[in-house]
Amino acid sequence: MVVGLIDGFVYLGSAAEALVLGRVLPHTPADKLAKNWWTWPAVIAPVALLGFVLALRVWNAKPTKAAHG
């Protein structure tokens, strides 16, 4: 069940990314110059940083005695 929940969050995250990037990336041919694509890393970097920080919090996590019940 947990794997299914994680998989569902992956799909929700992918859908959210597609919606956000679809709105912020350049649309007209004149805007599609390389200098106008700074929004792509600006949108993705904060989310990647948040994921990195959360991963660091559980990197070496060990169960506690209270968790064993």
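The values are calculated or read from the model by the stated rules, or taken from the named source; none is laboratory data. Bear in mind the structure is a predicted one, so any value in this text is a computation, not a measurement.
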Of the residues in the stretch 35-49 that are within 13 Å of the chain's Cα centre (by Cα) and either closer than 15 Å to LEU25 by Cα or outside any helix (DSSP H, G or I) (or both), the one that is modelled with the highest pLDDT is ALA45
Report, by residue number, each residue of the stretch 11-33 that is over 19 Å from ALA48 (Cα atoms) and small (Gly, Ala, Ser).
-> ALA30
